[in-house]
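Bear in mind that the values in this text are calculations on the coordinates, not laboratory data. Treat the numbers as computed from the prediction; the structure is a model and nothing was measured. We place every Cβ from the backbone using ideal geometry, glycine too, and count neighbours over all the protein chains shown.
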Amino acid sequence: KRHGLHQEHACGPGESAHELVQVKKVGLLNSAATSAESGDRGPSSTISSRSAQPLASWLFSTKNGPDAASSSTAQSGSGAPIAAPVACLAMSASPPRVAAAGVPPPTTQLPSAPSASSHASAKPAISTSDDPPPKSADIPNSSKAESRRILQVLDEMKRDVGAMPLPHTARLRHDEAKAAPAPSMLTVAMKRFTSDMTRTKKIAARIRDRDYGAREYYDDITAAFGEIKLYLVKLEDTSAPEVPPPARGAVPLGSASQAALRARTEANAPDLQNRTEYQRTMGAFFALYWLMRIGIDGEDGFSFGVDNEWNVLGARVDEPPTQTPEGRARSSAVAANAQLSFFAMNPVQKENAFRTNIAWDKLRDLLKDAGLLKRSSRMSSKDEWLAVPERVASMLVLTAIHDIMKCEMLLPRVQPEHAPYNGFRAHDVINDHDVALGYVLDHYGSLLPSYAALPKNEQASIRFTQAKIGFNHGWLVQGEAPPVALFSKFKTVLQSEKVTPADVAYYFVHWLTDLAGAEPTPLRGSQKFVQRFPHAVLASFIDSFSIVNQLAIESETRIFEQYLVQRWLEIPRLGPAPRGETSIALMRLVIQVQSLPLQLSLPTAFTHLPPEDLRVLCDEMAMTGIDGQAYDRYKAPPGGPVFLIYYAPAFLRTNTATEGRTLPNLVSKLRMLAEIYRRARILWPRSESSADTRPVTIRIDMIKDATTESIHDVHSWGEVYMLQKSNENEGRVDKQPLYSLVDSSFDNAERCLLAFWRQEDIIVTIDADILMELEQANSLLLANTKKTSTAVSC
């Protein structure tokens, strides 16, 4: 009743307990199992007899009621065993683990199925919170054994969920909310909670102590930061009818009074999204904890999580960690192959591969660059690396507050004296949670006591992480965007805020821990990176951190060129980084195609390109878009705008490396890419003015997954590909009927025909005049019916 558990969420016939968990994924069973009566909020808590039986009754009940063939028996306080059909507990088999500390997790046994006779007389019932717990002596041994088995099953389910128990909900009355002073209900909500900076400093000082375990860290986090309890704030709903306390004894599930009580309970419970954000915040806290403990137990904790006794888990015993064929080499070639193998792995293999192959030393270096770690100066020190308490405390505070504005009731209104603020006018509600937090930090920082207690320089580092820097990491690691689109806004923020390289690394640590906690299962390690995120992509991100954090002192173009050279040199058998007019285009394209066969074929494919296509790629892909900046290896003609071909990497590598056709396919796609650049320059003519340095984004979603054959054949179906100008800053590739070319509304200033066809086929079937018109796409292509039919037959 307390947690909104009811029969509609019970496990039905043929459903697995794992499917049941998905219904209330965010800590529901964990919260129910660690009930308030036990007085223990950690996942190591045991379930009292008083709460185990009603919970098990709910868990093993069915959608079809007590008379269904697969229903269970559960007698509250009667001493009768709690039985359940095996089908309800058909959990997916998991290989056993061993804890890193050598403590094996409890084994899971399934309770036996009830006899057929028990189904007829069984009536599911639950106990009220007033029922006294049965004495141990009153419970038969058989019942104790059944209860132990059920608790083991619940423990295993809790591990599968991996969520933290939720703190108590704090309710705000509507009259309090209406009377809240500026800027939002945050001013009222934070009065309910306290923060403890002394506890925060303790965490920061002890985070690398070998005897500072995950359970103690969790206890300290929940006691130190009142701000994380903002996720559990709820406006009290008085519209639901009052329901008197239930009578002592069993309350039938599904009764009217129970439904009314449940409706009121759910109405006053925190939103599911807010509960999820609480779990994600805890996941980010634990990601930071494990990263700070690299070299102790951080690698295992990040990869595998902890068991029910908070012991750090190791690899599954029947799936020993295996080195991938590429080992720990972190080149783009290895990344491509690892991506393909990642999606073929089962969860156990992903865990072990992550633990074995991730560049933990580079992650530790990132923490050092951010000022969170430093080398010990004492030769006798047991630990070579020491935490920097003041900086760690700052990161802990940022982790606690970074997503609180996802609670909509806390969103601030811009006060007239602060308007406009980042595009928001006076009295506007700031609905962007990052900008909203930035506004509170800029003007009402005292409302967040943990933040207010930090030194000014650490407050500045936190404010920088909330700035809108417009940085897309994927564009960098794939060589997809020119320097102006990649770094210009980032650089502007760095200069205006006087940010240091340490602050840039600090930003990336926060980005990493925030993403690592995105799966709301903090006790299971970083599920986002281990199970969902291709390890090779993460490796590319990690490789880029050390270069990008120099943006505070280097130019955008120089940073990008250094990154291109580094990635080129990591690829085997390509030789020295190229120089000259082909260098920048070649290095960007090698990164974009990603897979090793395509990377090794790319230099050869370049030599097969017609001179006009080669010239287009070399010039367009070497433009920086930044006035006064050019690459050292090749200085392209000045001017703008520059083009970002969105999804070019996916287009070049998808369905390209086929047996016996890799080189022809790659040449064809490079020619198509050159054609897109060529037609884009017609729609956006080059300007040598230094003022026209904007990036223009060309979206090619339409063809990113297409094969060369399907693109070539589209004309035989009476269709053509066009480059359409959406506005001054955007364009897109569209597929349109061929007869649209003779439409009176055809405007060459807004769209161009893309010559995506086989040249040898076109030369045979179309006369030279029409071919010239199609190639240039500068005028109407057809003047009469005869030419129209010729083009359509082509």
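So the values come out like this:
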read-out	value
Centre separation in Å (Cα based) which lies between region 696-714 and region 468-544	29
Förster radius 51 Å - calculated FRET efficiency between T194 and E554, Cβ distance, rounded to 0.05	0.70
Approximate spin-label separation A452-D361, in nm, with each point projected 7 Å along Cα-to-Cβ	4.6
Equivalent ellipsoid dimensions for region 415-494 as semi-axes, Å, which come from the Cα gyration tensor, largest first	28, 17, 10
Other-chain or far-sequence residues with amide H under 5 Å of R699's (modelled H)	Y646, G731, R732, V733
Net charge of neighbours whose Cβ lies under 9 Å from the Cβ of R678, counting Lys and Arg as +1 and Asp and Glu as -1	-2
Spacing of the two label points (7 Å from each Cα toward its C-beta) at N729 and E417, in nm	3.3
FRET E, pair R615, R532, Förster distance 41 Å, beta-carbon r, rounded to 0.05	0.45
Loop-located GluC sites (Glu not before Pro) in region 575-665, at most 14 other Cβ atoms within 10 Å (DSSP)	E659
Gain in span if fully extended, A205 to R694, counting 0.36 nm per residue against the direct Cα distance	171.3 nm
Filter on K229/K468; K350/K735; K191/K362 - keep pairs with C-alpha separation over 32 Å	K350/K735; K191/K362
Karplus 3J(HN,Hα) series, Hz, for region 427-442 with 6.51 cos²θ - 1.76 cosθ + 1.60 (x for Gly, Pro)	6, 5, 7, 7, 8, 8, 5, 5, 5, 4, 5, x, 5, 4, 5, 6
Length released on extending from V429 to T607, taking residue separation times 0.36 nm less the Cα-Cα span	58.4 nm
Global size of region 616-658 as Cα Rg and Dmax, reported in angstrom	13.2, 43
K368-T492 pseudo-label distance in nm [points 7 Å out on the Cα-to-Cβ vector]	3.5
